[in-house]
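Asker: Starting off with a structure, shown below.
The values are calculated or read from the model by the stated rules, or taken from the named source; none is laboratory data. In this text, all values refer to a predicted model and were calculated from it rather than measured experimentally. Here Cβ is always computed from backbone atoms with ideal geometry, including for glycine, and neighbour counts include all displayed protein chains.
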Amino acid sequence: MTLTREALDRAARQKAREVLADAGIANGPVSPFKVAATVGFPLPIDDVTMPPAAFGALYKEGNSFRILVSNTCPNEGFRRFTICHELGHLFLDGHLDELFESGDRHFSEAGQFRGQRKPWFETQADTFAAELLVPTAFADPVLRAAGHGLAAVRAIEAKFETSLSCAAVRYAELAGDSVAVILSRNGTVEWACASGQMREHWWGKRGLKGENAPRGSVTAYLARDSKAVAAGAERSTEGWLNDWFDGAPVISVEEEALGLGSYDRVLTVLHCGSIPTPDQERIRQDRDRRGPTDWREAMRPYSLDRYEDLVDD
């Protein structure tokens, strides 16, 4: 496959929108069962025992297909995402050729959909599932009403009946300001997703997988208390963006951490509103290297507000 990840994602989102239109779905929550029924696919079968590494499977039976879902899915939101992922394999170009080249069944791995390297067709099916479950057009007004942080994540979860992790990723993908969501286990990051405003910067594009949550963060504090994680405890504090992203400016960030119960993970939401653009950062760095041009500039304290007024010399 020679298409870039960005091109594959665009195609997956477009296909999901076409499927929603064909199914006559104009509002959330989206029913995967309705989507499947409109195109003649059998409904998924629940409570199926699968290998430990799988949540869902697609079976080929002659010229037809069947979707199965594992009874180990942590919650209803995961189950719905798994069904939509398998539907993605059915709808997206080239998937069936890849999946059934040498067999009549395909198991989808149970790991977090952003937490591991996967073949192109698995990541594209994830993108399709996320757009199908939480369509951009449906989610934008929900986010505008919900605000930011965990409140926005919970609003998406409630409106679209998704898992919190899926809701968090969609929040980061659709947020207009500087947001990052992070999933960790025992204080170690499994995946991170940053908003477009953060991904403009080189430090916002780098993955955090395998890194430890900052020592002074409430994420690290919560992770040390397994009972609190199991109970769904929530913690919040003010921290610094550069503690999470090496190379980021020293800007205050709101950190909210939530234990995910029996799933044994911590979901973290970072929000810092607006941050300097890459050009503004470059101008600041150039001025810092040159040093102050006069005594008045040397006396000015650091302030994020100054970035808004920076112009290149």
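Asker: Suppose we keep only residues that are more than 16 Å from ARG224 (Cβ to Cβ) and of a type in the set (S, T, N, Q) within segment 258-275. Which one would you say is surrounded by the most Cβ atoms within 10 Å (Cβ to Cβ)?
Answerer: SER274
Asker: Further question on the same structure: Does segment 184-201 hold any residues that are touching a Gly at 6+ places or on another chain (Cβ under 7 Å) and either in contact (Cβ under 8 Å) with a residue 40 or more places away in the chain or under 25 Å from GLN280 (Cβ atoms) (or both), and which are they?
Answerer: Of everything in segment 184-201, those that are touching a Gly at 6+ places or on another chain (Cβ under 7 Å) and either in contact (Cβ under 8 Å) with a residue 40 or more places away in the chain or under 25 Å from GLN280 (Cβ atoms) (or both) turn out to be GLU190, TRP191, ALA192, ALA194, MET198.
Asker: Pairs needed: first member in segment 221-240, farther than 16 Å from LEU270 by Cα; second member anywhere, polar (S, T, N, Q) and at pLDDT below 95; C-beta distance under 8 Å; at least 6 residues apart or different chains.
Answerer: Close Cβ pairs (under 8 Å, with a partner that is polar (S, T, N, Q) and at pLDDT below 95) amount to ALA230/SER262.
Asker: Under 27 Å from GLU6 (Cα atoms) and assigned by TED's automatic domain parsing to the domain that holds GLY259 - does that describe any residue in segment 211-230?
Answerer: If we filter segment 211-230 for residues that are under 27 Å from GLU6 (Cα atoms), which is where we start, we get 211.
Now narrow it down to the ones that are assigned by TED's automatic domain parsing to the domain that holds GLY259: 211.
For segment 211-230, residues under 27 Å from GLU6 (Cα atoms) and assigned by TED's automatic domain parsing to the domain that holds GLY259: present.
Asker: May I pose another question? Can you tell which of ILE67, ILE83 is surrounded by 19 or more Cβ atoms within 10 Å (Cβ to Cβ), within 23 Å of LYS159 (Cβ to Cβ) and either modelled with pLDDT of 90 or more or of a type in the set (A, V, I, L, M) (or both)?
Answerer: Just one listed residue meets the conditions, ILE83.
Asker: Another question, then. Look through LEU90, LEU20, LEU58 and report the one residue that is over 23 Å from PRO135 (Cα atoms) and not in a loop (DSSP other than H, G, I, E, B).
Answerer: None of the others qualify; the one that does is LEU58.
Asker: Shifting gears a bit: Go through VAL69, VAL35 for me and flag whichever is touching a residue at least 60 places away in the same chain (Cβ under 8 Å) and either over 19 Å from the mean Cα position of the chain (by Cα) or part of a helix (DSSP H, G or I) (or both).
Answerer: That would be VAL35, the only listed residue that is touching a residue at least 60 places away in the same chain (Cβ under 8 Å) and either over 19 Å from the mean Cα position of the chain (by Cα) or part of a helix (DSSP H, G or I) (or both).
Asker: Something else about it: Could you list, in sequence order, the residues of segment 184-196 that are crowded, with 16+ Cβ neighbours inside 10 Å, farther than 18 Å from VAL153 by Cα and of a type outside the set (A, V, I, L, M, F, W, C)?
Answerer: Correct list: ARG185, GLY187, GLU190.
Asker: Going through segment 216-263 one residue at a time, which ones are of a type in the set (A, V, I, L, M) and in contact with a Cys (Cβ under 9 Å, 6 or more places away or on another chain)?
Answerer: Across segment 216-263, the qualifying residues are LEU241, ILE251, VAL253.
Asker: Here's a follow-up. Taking helices (runs of 4 or more DSSP H) that do not extend beyond segment 169-283, which have at least 2 residues that are on the phi < 0 side of the Ramachandran plot and more than 16 Å from the chain's Cα centre (by Cα)?
Answerer: Working: elements: 196-199, 202-205, 218-223, 226-230, 241-244.
Per the criteria, 202-205, 218-223, 226-230, 241-244.
Asker: Could I ask something else about it? Considering only residues of segment 19-29 that are crowded, with 17+ Cβ neighbours inside 10 Å and in contact (Cβ under 8 Å) with a residue 12 or more places away in the chain, which is nearest to the chain's Cα centre (by Cα)?
Answerer: Per the criteria, the residue is GLY28.
Asker: Provide a single number: the residues in segment 153-168 that are outside any loop (DSSP other than H, G, I, E, B) and under 12 Å from the mean Cα position of the chain (by Cα).
Answerer: Of the residues in segment 153-168, 6 are outside any loop (DSSP other than H, G, I, E, B) and under 12 Å from the mean Cα position of the chain (by Cα).
Asker: Same structure, new question: Residues in segment 96-109: is at least one assigned to a helix (DSSP H, G or I) and not acidic (Asp, Glu)?
Answerer: Yes: one or more hits.
Asker: Does any residue in segment 145-172 that is within 16 Å of HIS271 (Cβ to Cβ) and in contact (Cβ under 8 Å) with a residue 40 or more places away in the chain come within less than 6 Å, Cβ to Cβ, of a residue that is among the hydrophobic types (A, V, I, L, M, F, W, C) and in a loop (DSSP other than H, G, I, E, B) six or more places away or on a different chain, and which pairs are these?
Answerer: Sorted first by the residue in segment 145-172, then by its partner, the pairs are ARG170/VAL134.
Asker: Follow-up. Could you tell me whether any residue of segment 7-18 is at pLDDT below 90 and either touching a Leu at 6+ places or on another chain (Cβ under 8 Å) or surrounded by 19 or more Cβ atoms within 10 Å (Cβ to Cβ) (or both)?
Answerer: Scanning segment 7-18 turns up no residue that is at pLDDT below 90 and either touching a Leu at 6+ places or on another chain (Cβ under 8 Å) or surrounded by 19 or more Cβ atoms within 10 Å (Cβ to Cβ) (or both).
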